[in-house]
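Visitor: Attaching a single structure in structure tokens format; questions to follow.
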């Protein structure tokens, strides 16, 4: 009996010391993922806090640089993790992908990153957030490895992207019906995409509608078509994603965060999917003043909404 009591007292003392001296971490680590070096940023004032891993949009984009602006509230609850995917941000600076990035390849990367984080931070599960394209990776984890997730946050997600792109084209043609240049270029868009200019014209006039006049410059077109050399094959894979047909039930809590004015990943499509998908727990949060960039448009509400979902 004395030995048992001593053991319990020892455990309690260790626990108390850990509480008094929580481990802090603010580091950018380089890890071999998928055969290349990949950059992962971990920030926390206590490594015992649950992990929240962000899956950036794009593809080819990074949320790391400006992460503090949309995690300043979240950091009080979570260990914040930003990961620059292959051929994006700091991972691209380290090394370009030796092979063409594909959805399948990057889903495998995602699984490796999650396992690295759980092992490094000695946790069994994490919270996962996919932004736009990031959901092409995130929903793969939801479907195949729900045991690794406390919950999943689908932010302006790709759900049925071919349907969404078709609706976008219709919306843009109506909006620009008095603009002969826009109408001529939009008339060249075909589904499925036959060349890189199909998506270019859609994004050009979507961004122009949002007030980004620089998209009419030659430099923007040059940059976009350069992006396409790397990413159009992966985006064509995304165009085939149709979650209402392929993922009707999930085995972890799932929360949808959507901008009311998002026509890039159409909000009405996400609402329809939310209504039909079966989950142990689910909710949908509509952001009235946001389009496709909730974390920028309504940063405080975005963060507080996530915190409120935590049991």
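The values are calculated or read from the model by the stated rules, or taken from the named source; none is laboratory data. Note that the coordinates shown come from a computational prediction; the quantities given were computed from them, not determined experimentally. Counting neighbours? That spans all protein chains shown, and the Cβs are built from the backbone with ideal geometry, glycine included.
Visitor: For segment 172-195, enumerate the residues that are free of Cβ contacts under 8 Å to residues at least 12 places away in the same chain and either assigned by TED's automatic domain parsing to the domain that holds residue 261 or in a helix (DSSP H, G or I) (or both).
Guide: Result: 174, 180, 181, 183, 184.
Visitor: Counting only residues that are part of a loop (DSSP other than H, G, I, E, B) and touching a residue at least 12 places away in the same chain (Cβ under 8 Å), which one in segment 94-114 is farthest from residue 128 (Cα to Cα)?
Guide: 98
Visitor: Would you point out which residue out of 188, 166, 177, 143 is within 22 Å of residue 109 (Cβ to Cβ) and surrounded by fewer than 17 Cβ atoms within 10 Å (Cβ to Cβ)?
Guide: 143
Visitor: Looking at residue 247, is it touching a residue at least 60 places away in the same chain (Cβ under 8 Å) and closer than 24 Å to residue 128 by Cβ?
Guide: Considered against the rule, which asks whether it is touching a residue at least 60 places away in the same chain (Cβ under 8 Å) and closer than 24 Å to residue 128 by Cβ, residue 247 comes out as yes.
Residue-wise test of (1) loosely packed, with under 13 Cβ neighbours inside 10 Å; (2) at pLDDT below 95; (3) in the same structural domain as residue 95 (by TED's automatic domain parsing); (4) under 28 Å from residue 139 (Cβ atoms).
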site: 2; (1), (2), (3), (4): yes, yes, no, no
site: 11; (1), (2), (3), (4): yes, yes, no, no
site: 17; (1), (2), (3), (4): yes, yes, no, no
site: 41; (1), (2), (3), (4): no, no, yes, yes
site: 51; (1), (2), (3), (4): no, no, yes, yes
site: 58; (1), (2), (3), (4): no, yes, yes, yes
site: 62; (1), (2), (3), (4): no, no, yes, yes
site: 70; (1), (2), (3), (4): no, no, yes, yes
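Visitor: Now for a different question. Give me the residue from segment 115-140 that is in contact with a helix residue (DSSP H, G or I) (Cβ under 6 Å, 6 or more places away or on another chain) and part of a helix (DSSP H, G or I) and, out of that set, surrounded by the most Cβ atoms within 10 Å (Cβ to Cβ).
Guide: The qualifying residue surrounded by the most Cβ atoms within 10 Å (Cβ to Cβ) is 136.
Visitor: Looking for something in the same structural domain as residue 70 (by TED's automatic domain parsing), in a helix (DSSP H, G or I) and surrounded by 13 or more Cβ atoms within 10 Å (Cβ to Cβ) - is there at least one such residue anywhere in segment 277-294?
Guide: Yes, the conditions are met somewhere in segment 277-294.
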